[in-house]
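**Student:** The structure follows.
A short reminder: the numbers here are calculations on the coordinates, not readings from a lab. Just so you know, these numbers come straight off a predicted model, no measurement behind them. Heads up, the Cβs are rebuilt from the backbone with ideal geometry, glycines too, and the neighbour counts pull from every protein chain shown.
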Amino acid sequence: MTSRPQQTAAEAAVALARVAARAADDKKAEQTLILAVGDVLAITDYFVITSASNRRLVKTVVDAVEEAVKLELGRSPVRTEGVGEQQWVLVDYGDVVVHVFAEEIRMYYEIERLYRDVPKVEWRSEAV
């Protein structure tokens, strides 16, 4: 029996970001992207940014992300903010922060514009 090598912290963070992005996509979130912000922000390594067309879908996406990350990686968020308003929900895992926006709020804040110079991380599966 061969044992699987331990993931580094960096590998674990990008794996969590990809699980979150795929879970959001599975629930019909739009314009999902992963930004590697670790070189410009000391507080986290990755942002997952996604949008939902309405407040109900924001909650659905947040719930799906939390469930998928818990199921696949055994991790729960350190904190979650904005759940009551369901316009901009921040799910903080420490090394990864997931931002789920209602479309109009995302357009207003344009958070990805602030980080336009950081690398984007591919999250879609190669198998189509």
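**Student:** Could you name the lysines in cross-link range of K59, using Cα to Cα under 24 Å and dropping any fewer than eight places away on the same chain?
**Tutor:** Result set, ordered by chain and number: K27, K28, K70.
**Student:** Another one. Nearest 500 deg cm²/dmol is fine: what mean residue ellipticity at 222 nm does the chain get from its DSSP H runs of n ≥ 4 alone, each adding -39,500 (n - 2.57), divided by its residue count?
**Tutor:** Per the formula, -11500 deg cm²/dmol.
**Student:** Quick check for me: using +1 on Lys/Arg Cβ and -1 on Asp/Glu Cβ, what's the dipole size of the range 9-120 about its Cα centre, in debye to the nearest 20?
**Tutor:** In debye, rounded to 20, the range 9-120 gives about 220.
**Student:** Among A29, W123, V40, which residue has its Cα positioned farthest towards the positive end of the charge dipole of the chain, with +1 placed on the Cβ of Lys and Arg, -1 on the Cβ of Asp and Glu, and the dipole taken about the Cα centre?
**Tutor:** Farthest towards the positive end: A29.
**Student:** Which value results for Rg/Rh of the chain when Rg is the Cα radius of gyration and Rh the Kirkwood radius based on the inverse mean 1/r?
**Tutor:** 0.97
**Student:** Tell me the Kirkwood hydrodynamic radius of the range 18-78 in angstroms, computed as one over the mean inverse distance between distinct C-alpha pairs.
**Tutor:** Every distinct Cα pair counted, the radius reaches 12.1 Å.
**Student:** Next question, about the same structure. Determine, for each peptide in 38-44, 51-57, 62-68, 17-23, the mean count of other beta carbons within 10 angstrom over its residues, then list the peptides with the highest first.
**Tutor:** 17-23, 62-68, 51-57, 38-44
**Student:** Roughly how many whole Å is it from the C-alpha centroid of the range 92-110 to that of the range 1-80?
**Tutor:** 12 Å
**Student:** Expressed in nm to one decimal, what extension gain is obtained for the pair A10 and T80 from 0.36 nm per residue of sequence separation less their Cα-Cα distance?
**Tutor:** Stretched fully, the A10-T80 segment lengthens by 23.0 nm.
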